[in-house]
Amino acid sequence: MTQASPGSRPALLAILCVLGLAGCFLKMILVISPVVQSHGRLYATYLSISSVVMIACLAGLWLMKRWAFWAFLAYVILDQAVYWQMGYWDPVAALLKGLILLAGLFYYRRLRP
């Protein structure tokens, strides 16, 4: 059995990052939907900005950076609070983000500073 090197990307984290990126691109398509547009430009702008922030955090996790774990944690807390306040909280999206955070926490020692 071989030992993984400290900077190698774990398969679980890679799969979750790919799923998260797919969700980001779907969210970007959702921005132009009539449902989102009916809620106003502020909501569409928030969706766009949150997608870009999530893509940056997931890219950092893909590169195995510790700053990305902390940035993603802050993003998830803020994002879930915003969705909860707006009444749009989605348990499936929260579960995916939670799984990414748990995987990042599990592999935290392998993340590079």
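None of the figures in this text is laboratory data; all of them are computed from the coordinates on show. This is a predicted model, so every value here is computed, not measured. Cβ atoms come from the backbone with ideal geometry, glycine included; neighbour counts cover every protein chain shown.
With the simple model of a label 7 Å out from the Cα in the direction of the Cβ, Leu102 to Ser8 spans 2.4 nm.
Between Tyr88 and Leu73, the contour length at 0.36 nm per residue exceeds the Cα-Cα span by 3.4 nm.
Rounded, prolate or oblate, given the Cα gyration tensor of the range 64-108, with a/c below 1.5 counting as rounded? Show your work: numbers first, answer last.
Values: a/c = 4.21, a/b = 1.89, b/c = 2.23.
Oblate.
So what is the relative contact order of the chain, in percent, for Cα pairs below 8 Å that sit 6 or more residues apart?
35 percent
Measuring from centroid to centroid over Cα atoms, what is the spacing of the range 5-60 and the range 77-113 in Å? Comparing the Cα centres of the range 5-60 and the range 77-113, I get a distance of 12 Å. With a simple spin-label model that places each label point 7 Å from the Cα along the Cα-to-Cβ direction, the separation between Ala81 and Leu42 comes to 1.7 nm.
Positive-end ranking of Gln85, Leu47, Ser33 along the dipole of the chain, with charges on Cβ about the Cα centre, is headed by Leu47. Entry note: the chain has Rg to Rh equal to 1.03, where both radii use alpha-carbon atoms and Rh is the Kirkwood radius. Kindly point out which whole DSSP H helices in the chain project their C-alpha atoms 24 angstrom or further along the helix axis while averaging a Kyte-Doolittle hydropathy of 1.6 or above. Within the chain the helices that satisfy the rule are 11-30. Per-residue ellipticity at 222 nm from helix content only, as computed over the chain with -39500 (n - 2.57) for each DSSP H run of at least four residues, stands at -25000 deg cm²/dmol. Distant-in-sequence amide contacts of Lys65, defined by a placed amide H-H separation under 5 Å and a gap of 5 or more residues or a different chain, comprise Arg112.
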